[in-house]
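Asks: Handing you this structure, nothing more for now.
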Amino acid sequence: MNKQIDPVCGMTVVPESAAGQSEFNGKTFYFCSQACKQRFDAEPVRYTNASPAVAQASPVVQLTPLSMARRGPAVAETSGEVVTLPVTGMTCAACARHIEQKLASSPGVLRAGVNFATARATVEFDPAKTDRDRLIDAVKETGYGVLEMATEDGASEDREAEAREAEYRELKRKFWLAALLSIPVLIIAMSHRRFELLNFSWANWLQLALTTPVVFYSGGQFYRGAWSAFRHRLADMNTLIAVGTGAAYVYSVAATVAPGFFAKMTEHAGMPGMAADVPVYFEAASVIIALILLGRMLESRAKGRTSEAIKKLIGLQAKTARVVRDGKESDIPVEEVVVGDVVIVRPGEKIPVDGVVLNGSSAVDESMLTGESLPVEKRAGDEVFGGTINKTGSFRFKATKVGKDTVLQQIVKMVRDAQGSKAPIARLADAISGIFTPVVICIAIATFVVWFVVAPVEYRLAYALQTFVSVLIIACPCALGLATPTAIMVGTGRGAENGILIKGGESLERVHKLTTIVLDKTGTITKGEPVLTDVVAANGMSENELLRLVASAERASEHPLGEAVVRGASERQIQLAEVTEFNSIAGQGIEARVDNHQVLLGNAKLMNERKIALDGFDSRAAQLSADGKTPMYVAVDGRFAGLVAVADQIKPESKAAIKAMQQMGLEVVMITGDNRRTAEAVAREVGITRVLAEVLPNEKAEEIKRLQQEKKIVGAVGDGINDAPMLAQADVGIAIGTGTDVAIEASDITLIRGDLHGVVAAIKLSRATVRTIKQNLFWAFIYNVIGIPIAAGALYPLTGWLLSPIIASAAMSLSSVSVVTNSLRLRRFRPALEVN
């Protein structure tokens, strides 16, 4: 069979069953999903020039942080490696864009993404063509640094946090120096020779002495950054600050050293010059640097808070474990626990790694994973997870997953990857930030020229310089760069705290656009485990006796329905009898001898073949079927004895969650392989009106396609292996965390708790996050749209007022801090289920 490679995600695609195809440069490309096709159609050059990762068939989907394209039902495993580099020295979104472009153009790099908010570069590369050291060199060539982190574990996270804290302390130190030295400069400047005490001949020289340390020490990083950008033919926020404050400082130094040169132009200016006739702007240079450092400091602290979710998750990891080796108990570091170790957990202790309980029992607080506050009972054979807390009893368990393989570490990795990803809504901000600084410099130069030409001769230099500096300072791309990633960081982190694992910013954004939710029935709406619901006795047989005979007969069967009957008898504490004969009748039922009684159990066809009169109970069986139950006829010693019915019970929360989705404006559809009568009975009970029944596993993805062809944006929810193609085909795949690994990996969102409340919470979280992003982008854009013209002097003809560069710097810092603060409001998100 002919096979092709999807150029977007790199998975193997069979052309005959491809989700789509496109022509480019005379070649035909096939895609595993419409999402991949849309990506290719938007940027065909990008995907035809890059070498796609070669896909290999595998039973488990492997996703990399940057390969968030939708996967098809087959499974992709890229041949590239992924590395995350903590970057230092970035000051705005333009910096991140420059680094991203440099990495993306480096040999052997398949994909690269740089997140300004997290200060991380995530790179997927071909290890045969490049390596981590070369990627670090590429970052350094652009003028930025990389923190040396050997691993991705909690220790590296601690080291990175320490580095960020050191950066914060340095900013704090430089700010306080700048503030202390700037205050007297500002007082002298604002006195305007009104106070005799400050009216002395060497006032300008004093300002020069106070301002110089501020410029060269506190503000040195801006000038170094601007010079580095200039050497690489780039421009960023450092360029704006350096040019603005540098111009004010150089002019003021010249005016102080050679005042006679400027005296004629400022003879009647009345501008701040203290004891001289020539105005100087030392206060602009020093106070601007102090205010920008203050903004940076507050921004750094606030950005640190956006990643608190990861810090909390890492903090949940136990530090030690008590293991049994060679018959002896000993406490060892959790890093030394290996698969197969027997671990002892006492009351109040954290469970160190994942495993299976061997003996003992307890109640375990799993709220850190599920968000559910009620402890979960654990007994022999039950799974336990590292980081959860043992509340009551003591037990021993066998370690099955350690280190990075534990559920906790997988969650940490998923959250970190999601926080480092980009949402499509960020593309506009990225595009603007790429050209923003050069455009602003042009506007500032044009502003200087216009004011120098149109202003009165005695004021023109002062007005031109003031507006030039104000435009440069007020126009900062920081707020634009922070608008999207900070909201995504907080949103995905908050989701993880509530048992909602989101694989990336693209997934988080896409959820809020959903118009239709498709729910798989078994294991999603229902518990996925049949239970005994009805026992109907006939012809003098008691219910308990009927159930005793049927359950005894079914004990020898491995059929799920039979297991449900046996469990039902056990719950009623009915003692079962021995079976002396047993025969399974394919497709019809069973027969067995129990306590010298011949028991026949099966469907109506079996009863008719054995000529068993149903005594009118076929109507009762039909009613049970209409209610979504599976009835089974019972005959004892050749005579009809009654009915037993089993059903896959609906989860208690399903009806309320589905109603909440409908109240949010979503169309809810149920899909199942069950017969239509059973499916419609379940749908009626939970309030669903559209049912796709008798759909085979390989047809579920086709049903999703049909809904998409109706112009619906479809989210699919499922938990089984047969749901993986459906989840991959949907615009957003949501996996119930109690399901199989393949379903979870094929999805965009994983719900650790096995109920539909998480779907409602995920949609609400997505809507809240996107709303916050839009608010951030609006204020970032409107700030520049309004601020730049005001700084250029647009209000002067009406009010005679020019914006002070000092006020411009304060406004610039406030814009960045306000964006981060607005994103932090998402930390208060509560996934409450409100149904009217």
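The values are calculated or read from the model by the stated rules, or taken from the named source; none is laboratory data. Nothing here was measured: the structure is a model prediction, and the numbers come from that model. Note that we place each Cβ from the backbone using ideal geometry, even for glycine, and neighbour counts take in every protein chain shown. Note: areas computed on protein heavy atoms with side chains; ligands, DNA, RNA excluded. Shrake-Rupley method; radii C 1.70, N 1.55, O 1.52, S 1.80 Å.
Asks: Would you check which residues across the stretch 615-653 are part of a loop (DSSP other than H, G, I, E, B), in contact with a helix residue (DSSP H, G or I) (Cβ under 6 Å, 6 or more places away or on another chain) and open to solvent by less than 30 Å² (accessible area, probe 1.4 Å) and list them?
Replies: Once the filter is applied, which keeps residues that are part of a loop (DSSP other than H, G, I, E, B), in contact with a helix residue (DSSP H, G or I) (Cβ under 6 Å, 6 or more places away or on another chain) and open to solvent by less than 30 Å² (accessible area, probe 1.4 Å), the stretch 615-653 yields only G628.
Asks: I'm trying to understand the selection: among the residues of the stretch 743-768, which are open to solvent by less than 20 Å² (accessible area, probe 1.4 Å) and modelled with pLDDT under 65?
Replies: Hits for the stretch 743-768 are A743, A746.
Asks: Next question, about the same structure. Looking only at the stretch 555-565, which residues are open to solvent by less than 80 Å² (accessible area, probe 1.4 Å) and more than 17 Å from L643 (Cβ to Cβ)?
Replies: A556, S557, P560
Asks: Also, I was wondering about something else. Out of the helices (runs of 4 or more DSSP H) lying entirely within the stretch 503-594, which hold 1 or more residues that are in contact with a strand residue (DSSP E or B) (Cβ under 8 Å, 6 or more places away or on another chain) and more than 30 Å from A657 (Cα to Cα)?
Replies: 543-554, 560-571
Asks: Scanning for something modelled with pLDDT of 80 or more, within 27 Å of the chain's Cα centre (by Cα) and open to solvent by less than 10 Å² (accessible area, probe 1.4 Å), does the stretch 523-536 turn up at least one residue?
Replies: Checked the stretch 523-536: at least one residue is modelled with pLDDT of 80 or more, within 27 Å of the chain's Cα centre (by Cα) and open to solvent by less than 10 Å² (accessible area, probe 1.4 Å).
Asks: Could you tell me which of the residues L666, L601 is aliphatic (A, V, I, L, M), over 30 Å from D755 (Cα atoms) and touching a strand residue (DSSP E or B) at 6+ places or on another chain (Cβ under 6 Å)?
Replies: None of the other options fit; the residue is L601.
Asks: Might you let me know whether the stretch 703-717 holds any residue that is part of a helix (DSSP H, G or I), modelled with pLDDT of 80 or more and open to solvent by 50 Å² or more (accessible area, probe 1.4 Å)?
Replies: Checked the stretch 703-717: at least one residue is part of a helix (DSSP H, G or I), modelled with pLDDT of 80 or more and open to solvent by 50 Å² or more (accessible area, probe 1.4 Å).
Asks: Starting from the stretch 584-604, take each residue that is free of Cβ contacts under 8 Å to residues at least 40 places away in the same chain and open to solvent by 60 Å² or more (accessible area, probe 1.4 Å) and list its partners that are in a strand (DSSP E or B) and aliphatic (A, V, I, L, M), counting only C-beta distances under 6 angstrom and pairs at least six apart or across chains.
Replies: S584/I590
Asks: Which pairs turn up if I take residues in the stretch 240-260 that are open to solvent by 30 Å² or more (accessible area, probe 1.4 Å) and look for partners that are of a type in the set (V, I, T) with beta carbon separation below 6 Å, at least 6 apart in sequence or on another chain?
Replies: Taking only residues 6 or more apart or on different chains, the pairs are P259/V278.
Asks: With respect to V579, is the statement that it is within 20 Å of V531 (Cα to Cα), touching a residue at least 12 places away in the same chain (Cβ under 8 Å) and surrounded by 15 or more Cβ atoms within 10 Å (Cβ to Cβ) true?
Replies: no
Asks: Any residue that is over 22 Å from L461 (Cβ atoms), surrounded by fewer than 19 Cβ atoms within 10 Å (Cβ to Cβ) and at pLDDT 85 or above - is there at least one of those in the stretch 191-200?
Replies: no
Asks: Looking only at the stretch 166-185, decide whether some residue is in contact with a strand residue (DSSP E or B) (Cβ under 8 Å, 6 or more places away or on another chain) and either modelled with pLDDT of 80 or more or assigned to a helix (DSSP H, G or I) (or both).
Replies: yes
Asks: Got a sec? Which of A284, A321, A290 is part of a strand (DSSP E or B) and at pLDDT 70 or above?
Replies: None of the others qualify; the one that does is A321.
So that you can scan it fast, the table gives a plain yes or no per residue for (1) open to solvent by 30 Å² or more (accessible area, probe 1.4 Å); (2) out of contact with any Ser or Thr (no Cβ under 7 Å at 6 or more places or on another chain):
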position	(1), (2)
V770	no, yes
V785	yes, yes
I788	no, yes
W801	yes, yes
P805	no, no
A808	no, no
M812	no, yes
S823	no, no
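Asks: In the stretch 92-115, which residues are open to solvent by 10 Å² or more (accessible area, probe 1.4 Å) and in a loop (DSSP other than H, G, I, E, B)?
Replies: S105, S106, P107, G108
Asks: Could you list all residues from the stretch 666-679 that are open to solvent by 20 Å² or more (accessible area, probe 1.4 Å), more than 12 Å from T522 (Cα to Cα) and in contact (Cβ under 8 Å) with a residue 24 or more places away in the chain?
Replies: Matches in the stretch 666-679: E667, R677.
Asks: Restricting attention to the stretch 605-614, and to residues there that are open to solvent by 80 Å² or more (accessible area, probe 1.4 Å) and assigned to a helix (DSSP H, G or I), which single residue is nearest to K527 (Cα to Cα)?
Replies: K605
Asks: Same structure again: Does the stretch 311-347 hold any residues that are within 26 Å of R753 (Cβ to Cβ) and open to solvent by less than 60 Å² (accessible area, probe 1.4 Å), and which are they?
Replies: Listed by number, the residues that qualify are L313, I314, G315, L316, Q317, A318, V334, V343, V345.
Asks: Got a sec? Which of V511, V518 is crowded, with 19+ Cβ neighbours inside 10 Å, farther than 25 Å from F829 by Cβ and either of a type in the set (D, E) or at pLDDT 85 or above (or both)?
Replies: Being crowded, with 19+ Cβ neighbours inside 10 Å, farther than 25 Å from F829 by Cβ and either of a type in the set (D, E) or at pLDDT 85 or above (or both) holds for just one of V511, V518, which is V518.
Asks: Go through the stretch 136-146 and count every residue that is at pLDDT 85 or above and either surrounded by 22 or more Cβ atoms within 10 Å (Cβ to Cβ) or closer than 20 Å to R296 by Cα (or both).
Replies: Total meeting the criteria: 2.
Asks: Something else about it: Residue under question is L465, and the condition is that it be open to solvent by 10 Å² or more (accessible area, probe 1.4 Å), of a type in the set (A, V, I, L, M) and under 30 Å from A791 (Cα atoms); does it hold?
Replies: In short, yes.
Asks: I need the full set of residues from the stretch 450-462 which are part of a loop (DSSP other than H, G, I, E, B) and open to solvent by less than 30 Å² (accessible area, probe 1.4 Å), in order please.
Replies: Matches in the stretch 450-462: A455 only.
Asks: If you scan the stretch 483-522, which residues turn out to be under 8 Å from the mean Cα position of the chain (by Cα) and of a type in the set (S, T, N, Q)?
Replies: Matches in the stretch 483-522: T492, S507.
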